[in-house]
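One structure is given here, and the rest of the page talks about it.
The numbers here are math on the coordinates, done by the rules we state, and not lab data. Bear in mind the structure is a predicted one, so any value in this text is a computation, not a measurement. Using ideal geometry, Cβ is built from the backbone for each residue, glycine included, and neighbour counts are taken over all protein chains shown.
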Amino acid sequence: MIKISKIKMHIKIQKFLKNFAFWIVILIFTFCILNFNCYAQPISSKELLENAQEYDGKRIIYQGEIIGEVIERKDSVWLNLLDGDFAIGIFLKKDILPQIKFIGGYKAKGDLLEVEGIFHAHCSEHKGELDIHAEKIRIVKEGFLKEEKISFLRKIWIKYLSLSSFIIFICIILRNFWKRK
Amino acid sequence: MLIRPGIGDIRLIFYHIGKIIIIVGFSLLFPLFTAIFFQEKAPQIDFLFSFLLFLNIGLFLTLFFKIEKEIRWMHAMVIVSLSWLFMAILGAIPLYLSGHWGSFLDAVFEAMSGFATTGLTLAKDPEHLSMAHQMWRHLMQFIGGQGIVIMALSFLGKGLGGVFRIYIGEAREEKIFPNIIDTARFMWVLSIIYLLLGSFILGGILRLEGFSLKSAFFQGLFIFMAGFATGGFTPYSQSILYYHSFSFELATIFIMFLGMINFKLHYSLWTGNRKEFWRDIEIITLSFTIFSTFLLVAMGLSEKGIYPQAIALFRQGFYQLISAHTGTGYMTIYAKEFIKGWLGLAMVGIIIAMGLGGATCSTAGGIKALRIGLVFKAFLQDVKQLMQPDNTVLVEKFHHIRDFVLEDRYVRSAATIFLAYLILYFLGAIVGMLCGYPFLEALFESTSAGANVGLSCGITSPSMPTILKITYIFEMWIGRLEFVAIFTLWGFIIALVKGK
């Protein structure tokens, strides 16, 4: 009886190991596919620029704030997305561009966009430029208008400096006048 | 025996510096008007404050240091070298107030890089900088390209005595007209005509390339100001890559060429004397050096095989090379690509091009084509002489505006400055290496600073060591004024301390 139960246990363990091995293989396979064709997590510009050759031709996800403006070229557009370190040019068809509300600049923090597309270390379509040809694009976070901080102290300084420059200027005029006399 | 400069000498120097500060201070009105136009309130305060500060310091110096005295060579050189230092410090104030520079030293670095037309930047997040501050950054380069003192000369006219000596002190040697004031004014008039034409063309290209009208106009203006001055600042950290336009890149190549040519050659071209252009030793030398350095870059890039097509190799290789040779520093690649893809022969080609620089009496920096041409010609003459019988004397000539006989004094002067630049590049590289950077990268960045180029392989950043920031500030200052004025300032300081 003990022997039979031992055999049964052994078979169970073997089955479990087989299943486990199967799922491990599936997991590794899935990981490899993801790794070679698309990176599920957004990749930083720093990582892309430092390993441009490795990512060349790969499907990637990249996130960044839209800066400058939307540059329209016939049926396509160029965007420049800044992720805090560097900005990268994104090339995409006009019809997939979402409604951009804020573009990054002095007065606004631009919309945070996420693009999925092919990264080119030296794009053959764009004569060697480093770019991403986006196939999917979405707004992750809407931008906002920034408030300007105006220094009260500087305003006071301006008054004093205006007064002192006026006084010095008058002194120079008086000095020249006395010299001529 | 060293003669200690008297109080009169110091008064004379600071009196003229005061005048220059006032004149340059008025240029702060441009960013102020830009701030008003774009309704940027904080920059309006910053620039009004800075303008008044310039005015106060300038007026104070002219009031308390006024003296009637002839400007000697020593005074002229000290006025020029100190003016540039003062401008870097004062010009940094509005930048620092914006909060986009980590420290005042970073802002001074930026201002020196601006006035010296280098283009290396320590700006944090320039994408969110106000249009007024962008105007100031690019205007500094436009003014610095022509020369701070040239600007003062154009406005002050007879008010500034000893003008020729001051003019020479700012690394200018040639007069277009017999009168220096007329020469200075011609340079400014020519630059403003080019500014109007160039901004219109660049703006037009950008408009056709999908930019809005207002943006196209201002981007065109900024890029022309920094491009013609062979400066290299751009409103965005991606440099010229931001625009994604081949036609725009071609236009900027043309503008960089304009900036690197001698102002006297511009005059010849404008007066219809086109033959003069191809006869000049500088143009012949530049043709040779551009071709040979491009060959190095192209071979280096082909060897690496990083560009898929010949057009891509030409676009990226030639653009970076011209940008380096003219001393501009515009980039269509990322700084990291120099290390990752260009390391080796291509990078060496770029370093050589940066070191050589453009023409004399232009907005470009570096050793300069005239000096390279003269040293090369002298070397050839020596070789030819060896081939002749002993009693034969060879007379070599060169053409630069007019015909000259190649004399030892010209060659000695050219070779001295040539050597001084090489020492400057290597000293900067040694400091870079002491900070832990590899030799080639340290040499690249040092040459870029010393030759006032502005290309970067990634070393220049707000987080780089303070000692390196100071080293590059000095390199930019010394490189722009071509040594003599700075050495005289050191001599002046030593005489103040040790003189009798």
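Table for the structure above
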{"quantity": "Amide H contacts of residue A:80 (H built 1.01 Å from N, under 5 Å, at least 5 apart or other chain)", "calculated": "A:67, A:69, A:90"}
{"quantity": "Estimated dipole of chain A in Debye, rounded to 20 [Cβ of Lys and Arg +1, of Asp and Glu -1, Cα centre]", "calculated": "960 debye"}
{"quantity": "Nearby lysines by direct alpha-carbon distance to residue A:18 (threshold 16 angstrom, same-chain neighbours under 8 apart not counted)", "calculated": "A:8"}
{"quantity": "Proximal aspartates and glutamates to residue B:340, defined as alpha-carbon separation beneath 20 angstrom and excluding residues fewer than eight positions away on the same chain", "calculated": "A:47, A:50, A:54, A:56, A:85, A:129, A:131, B:303, B:441, B:445"}
{"quantity": "Percent RCO, i.e. relative contact order, over chain A, from Cα pairs under 8 Å lying at least 6 residues apart", "calculated": "16 percent"}
{"quantity": "Between helix A:152-180 and chain A: long-axis angle, C-alpha atoms, 0 to 90°, nearest 10", "calculated": "30 degrees"}
{"quantity": "Gyration tensor (alpha-carbon) shape descriptor, the stretch B:65-130, a/c threshold 1.5", "calculated": "prolate"}
{"quantity": "Charge dipole (the stretch A:45-145, unit charges on Cβ, about Cα centre) - positive-most of A:117, A:99, A:66", "calculated": "A:99"}
{"quantity": "Helical contribution to [θ] at 222 nm, DSSP H n ≥ 4, -39,500 (n - 2.57), averaged over chain A, rounded to 500", "calculated": "-14000 deg cm²/dmol"}
{"quantity": "Of A:74/A:136; A:107/A:141; A:94/A:127; B:336/B:469; A:109/A:159; A:146/B:336, those spanning more than 25 Å from alpha-carbon to alpha-carbon", "calculated": "A:109/A:159; A:146/B:336"}
{"quantity": "Simple spin-label estimate for residue A:24 and residue B:416 in nanometres, 7 Å along Cα-Cβ", "calculated": "7.8 nm"}
{"quantity": "Amide H within-cut-off set for residue A:102, under 5 Å, with H built and near neighbours excluded", "calculated": "A:111, A:143"}
{"quantity": "Positive-pole candidate from B:115, A:26, A:145, dipole of the protein assembly as shown, charges at beta carbon", "calculated": "A:145"}
{"quantity": "Angle between chain A longest axis and helix A:2-37 axis [Cα atoms, degrees, rounded to 10]", "calculated": "30 degrees"}
{"quantity": "For the stretch A:67-75, Karplus couplings with θ = phi - 60° (6.51, -1.76, 1.60), whole Hz, Gly/Pro x", "calculated": "10, x, 6, 7, 9, 8, 10, 6, 9"}
{"quantity": "Using a Förster distance of 45 Å, the FRET efficiency for residue B:384-residue B:194 (Cβ separation, nearest 0.05)", "calculated": "0.65"}
{"quantity": "FRET E, pair residue A:53, residue B:311, Förster distance 22 Å, beta-carbon r, rounded to 0.05", "calculated": "0.65"}
{"quantity": "Gain upon complete extension [residue A:70, residue A:15; 0.36 nm per residue less C-alpha separation]", "calculated": "14.0 nm"}
{"quantity": "Between the stretch A:146-167 and the stretch B:110-141, the alpha-carbon center distance in angstrom", "calculated": "23 Å"}
{"quantity": "Calculated from backbone phi, Karplus (6.51, -1.76, 1.60) coupling profile of the stretch A:111-117 in Hz, x at Gly/Pro", "calculated": "4, 8, 10, 10, 10, 10, x"}
